[in-house]
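The values are calculated or read from the model by the stated rules, or taken from the named source; none is laboratory data. None of the values given here were measured: they were computed from a predicted structure. Don't worry about glycine lacking a Cβ; one is built from the backbone with ideal geometry, like all the others, and counts go over all protein chains shown.
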Amino acid sequence: MTLSFQDARHLLARTGFGGDPSEIKGLMTMDREAAVESLLSGTKQLAFTSPPREILAAVPPPQGMRGMSFEQKKAFQEERRDEALALKGWWYQEMLAAASPLTERMTLFWHNHFTSSFKKVKWPALLYHQNVLLRRHAVGSFRDLLFNVATDPAMILYLDTQTNHKDHPNENFARELFELFTLGEGHYTENDIKEAARAFTGWHVAVHHGGGFVFNRHQHDAGMKRVLGRSGAFQGNDILALTLEQPACATHITAKLWREFVSDQPDPTEIERLAGIFRKSGYQVKPLLRALLTLPQFWAVENHGGLTKSPVELIVGTVRLFQLPIKEADVLAKYGKRLGQDLFDPPNVKGWPGGTRWITSATLLNRWQFLQRGLRGSEMGGHMHDGHGTDMIHGPAWLANESVETLQAVLTPIPPVNSLPDIADKWRAAQELAMDPVYQLK
């Protein structure tokens with residue numbers, strides 16, 4: 001059976017940033033399996049756009065800020081902040097331009113799973129390269145992603161592996177590896193963390209040689225360790241392999257993806273079945289997504305509108321759908337921060353909690369202000385007025401060819417809270433629907 005309009009809309013809203021009528025109707029020629037396969041087969045490993053050159057050119061100076069005057073340090077730090085804002089703007093630009101929104105959604109998912117922040121890492125170039133890494137493995141091998149993230153310079157600096165020496169092991173990375181990245185709470189002991197930290201000693205960043213990963217053998221503890229019930233003279237890669245052998249790893253990742261795409265309440269029986277698929281595939285993400293997105297629970301009508309859009313989803317989805325001209329993408333990064341999701345700067349190692357916690361009295365007000373200003377057209381940096389303060393925006397091109405009923409079906413996953421006024425102007429109708437509370441849902 002081919003997809004209904006609402007089913008196609010639901011798929012695009014959950015796996016990307018929503019779709020306009022032509023994108024929705026394009027999926028209506030397919031059944032569920034074919035539609036999911038079309039999205040998975042269209043995923044990419046490389047970004048469509050290029051980052052600002054100044055980000056890539058900036059690498060940590062060998063001497064750091066030693067020898068700088070107060071004014072020089074202030075200017076130096078300001079330059080890095082400008083680069084960080086440019087990097088955030090670039091990613092918004094990529095999400096707007098990308099041919100595969102699912103790729104960017106999964107890159108964003110892993111960014112919130114393997115967190116790192118500019119405030120701690122301080123070098124935008126390192127965060128850019130981590131973003132490239134996350135995109136390359138976004139729907140590929142979780143195993144490869146895990147091993148690469150463990151040696152990623154941004155991650156090493158963020159979780160203090162740089163200070164992990166054999167005489168003074170730092171447990172931060174080992175703790176988050178077990179608790180957040182792979183196993184989840186209750187599937188390891190404090191002793192596992194202490195012993196695993198010893199295995200990662202000597203995993204450093206070559207700050208004086210371009211900022212790449214280096215294994216400092218002189219700072220590595222080569223002694224015997226006991227981790228997760230196994231003993232050996234383990235090194236870091238051995239610990240990563242051991243975590244992947246634990247059944248809890250596949251279960252933890254599967255449950256997190258369920259909450260991302262299906263509902264806030266994972267089905268324990270289905271989670272274990274899907275986790276088995278994940279393990280048997282050798283931790284390949286694409287087969288897991290295929291199984292997840294073809295579940296009856298994913299398509300269930302009662303789950304339509306059951307999740308809250310993140311600030312990034314709200315911003316990117318609105319700009320894409322309404323074709324809002326954005327002069328400078330960094331304005332979107334500033335809105336994202338105001339709405340509670342500052343790209344490359346999650347609040348802590350646990351990332352953004354998401355779900356209904358996206359909405360507070362303050363963030364809801366900021367969401368409405370973003371929508372009001374964006375749909376008004378003259379306050380997003382683009383040229384949308386005639387120079388005399390008169391707005392010239394009349395909505396996206398597709399609006400003229402669709403009925404008000406179709407417009408409502410595109411913009412709202414469930415019936416709107418407020419009755420739509422009986423107005424002939426479809427652009428005004430679209431604005432009314434975008435301001436309805438259910439527009440915040442997906």
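Just the residues that are aromatic (Phe, Trp, Tyr) and assigned to a helix (DSSP H, G or I), please, taken from the stretch 1-60. Don't jump to the end; show me each part of the working.
We begin by selecting, within the stretch 1-60, every residue aromatic (Phe, Trp, Tyr); these are 5, 17, 48.
Within the stretch 1-60, Phe5 is the sole residue that qualifies.
Which condition breaks for Arg279 when tested against (1) in contact with a Pro (Cβ under 8 Å, 6 or more places away or on another chain); (2) more than 21 Å from Phe178 (Cβ to Cβ)?
Every listed condition holds for Arg279 apart from (2).
Considering every residue within the stretch 68-90, establish whether at least one is touching a Leu at 6+ places or on another chain (Cβ under 6 Å) and either outside the structural domain of Gly202 (by TED's automatic domain parsing) or in contact (Cβ under 8 Å) with a residue 24 or more places away in the chain (or both). First the steps, then the outcome.
Filtering the stretch 68-90 down to residues touching a Leu at 6+ places or on another chain (Cβ under 6 Å) leaves 88.
With either outside the structural domain of Gly202 (by TED's automatic domain parsing) or in contact (Cβ under 8 Å) with a residue 24 or more places away in the chain (or both) added as a condition, the list becomes 88.
Looking for residues that are touching a Leu at 6+ places or on another chain (Cβ under 6 Å) and either outside the structural domain of Gly202 (by TED's automatic domain parsing) or in contact (Cβ under 8 Å) with a residue 24 or more places away in the chain (or both), one finds at least one in the stretch 68-90, hence yes.
From the list Ala275, Ala241, Ala329, Ala250, pick out the single residue that is in contact with a Gly (Cβ under 8 Å, 6 or more places away or on another chain) and at pLDDT 95 or above. Quick ask: steps written out before the conclusion?
On the way: Ala275 fails: in contact with a Gly (Cβ under 8 Å, 6 or more places away or on another chain); Ala241 fails: in contact with a Gly (Cβ under 8 Å, 6 or more places away or on another chain); Ala329 fails: at pLDDT 95 or above.
The conditions single out Ala250.
Quick one: which residue in Ala241, Ala248, Ala222 is in contact (Cβ under 8 Å) with a residue 60 or more places away in the chain, among the small types (Gly, Ala, Ser) and on the phi < 0 side of the Ramachandran plot?
Sole residue among the options that is in contact (Cβ under 8 Å) with a residue 60 or more places away in the chain, among the small types (Gly, Ala, Ser) and on the phi < 0 side of the Ramachandran plot: Ala248.
Can you tell me which residue is nearest to Gly354 (Cα to Cα) among those in the stretch 419-442 that are among the polar types (S, T, N, Q) and at pLDDT below 95?
Within the stretch 419-442, the first condition is being among the polar types (S, T, N, Q), and the residues that meet it are 419, 431, 440.
Imposing the further condition that a residue be at pLDDT below 95 reduces the set to 419, 431.
Working: Ser419: 29, Gln431: 26 Å.
Going through the qualifying residues, I end up with Gln431.
Would you mind finding the one in Val149, Val121 that is modelled with pLDDT under 95, among the aliphatic types (A, V, I, L, M) and out of contact with any Gly (no Cβ under 8 Å at 6 or more places or on another chain)? Steps first, please.
Working: Val149 fails: modelled with pLDDT under 95.
Unique residue meeting the criteria: Val121.
I'm checking my understanding of the structure. Among residues of the stretch 122-169 that are over 18 Å from the mean Cα position of the chain (by Cα) and among the β-branched types (Val, Ile, Thr), which one is nearest to Gln45 (Cα to Cα)?
Thr151
How many residues does the stretch 78-117 hold that are in a loop (DSSP other than H, G, I, E, B) and not hydroxyl-bearing (Ser, Thr, Tyr)? Give the steps one after another, and end with the answer.
Filtering the stretch 78-117 down to residues in a loop (DSSP other than H, G, I, E, B) leaves 98-100, 114-117.
From the residues that got through so far, the ones that are not hydroxyl-bearing (Ser, Thr, Tyr) too are 98-99, 114.
Summing the residues that are in a loop (DSSP other than H, G, I, E, B) and not hydroxyl-bearing (Ser, Thr, Tyr) in the stretch 78-117 gives 3.
How about the stretch 129-207: which helices (runs of 4 or more DSSP H) wholly inside it have at least 2 residues that are closer than 22 Å to Trp110 by Cα?
Result: 142-150, 153-158, 172-176.
Could you grab me the full set of residues in the stretch 380-418 that are part of a loop (DSSP other than H, G, I, E, B), hydrophobic (A, V, I, L, M, F, W, C) and at pLDDT 85 or above?
Just the residues of the stretch 380-418 that are part of a loop (DSSP other than H, G, I, E, B), to begin with: 380, 382-384, 386-390, 392-396, 402-403, 412-418.
Now restrict to residues that are hydrophobic (A, V, I, L, M, F, W, C): 380, 384, 392-393, 414, 417.
Answer for the stretch 380-418, where residues must be part of a loop (DSSP other than H, G, I, E, B), hydrophobic (A, V, I, L, M, F, W, C) and at pLDDT 85 or above: Ile414, Val417.
For the stretch 337-368, name all the residues that are assigned to a loop (DSSP other than H, G, I, E, B), surrounded by 15 or more Cβ atoms within 10 Å (Cβ to Cβ) and without any contact (Cβ under 8 Å) to a residue 60 or more places away in the chain. It would help to see each step written out before you state the result.
Here is the first cut: in the stretch 337-368, the ones assigned to a loop (DSSP other than H, G, I, E, B) are 340-354, 359-360.
Next cut, surrounded by 15 or more Cβ atoms within 10 Å (Cβ to Cβ) only: 340-346, 349, 351-352, 354, 359.
Within the stretch 337-368, Gly340, Gln341 qualify.
Any residue in the stretch 320-336 that is over 22 Å from Ser50 (Cβ atoms) and free of Cβ contacts under 8 Å to residues at least 40 places away in the same chain sitting within a Cβ distance under 6 Å of a residue that is charged (D, E, K, R) and assigned to a helix (DSSP H, G or I)? List the pairs, counting only those 6 or more apart or interchain.
none
Checking Ala75 against (1) over 20 Å from Val316 (Cα atoms); (2) part of a loop (DSSP other than H, G, I, E, B), which test does it fail?
Single failed check for Ala75: (2).
Looking at Leu288, is it over 15 Å from the mean Cα position of the chain (by Cα) and not in a loop (DSSP other than H, G, I, E, B)? Full working, then the answer.
Values: over 15 Å from the mean Cα position of the chain (by Cα): yes; not in a loop (DSSP other than H, G, I, E, B): yes.
Criteria met by Leu288.
Take the residues of the stretch 48-64 that are of a type outside the set (A, V, I, L, M, F, W, C) and under 24 Å from the mean Cα position of the chain (by Cα): which is modelled with the lowest pLDDT? Before the answer, list the steps.
Here is the first cut: in the stretch 48-64, the residues of a type outside the set (A, V, I, L, M, F, W, C) are 49-54, 60-64.
Now restrict to residues that are under 24 Å from the mean Cα position of the chain (by Cα): 49-54.
Details: Thr49: 96, Ser50: 94, Pro51: 94, Pro52: 90, Arg53: 88, Glu54: 84.
That would be Glu54.
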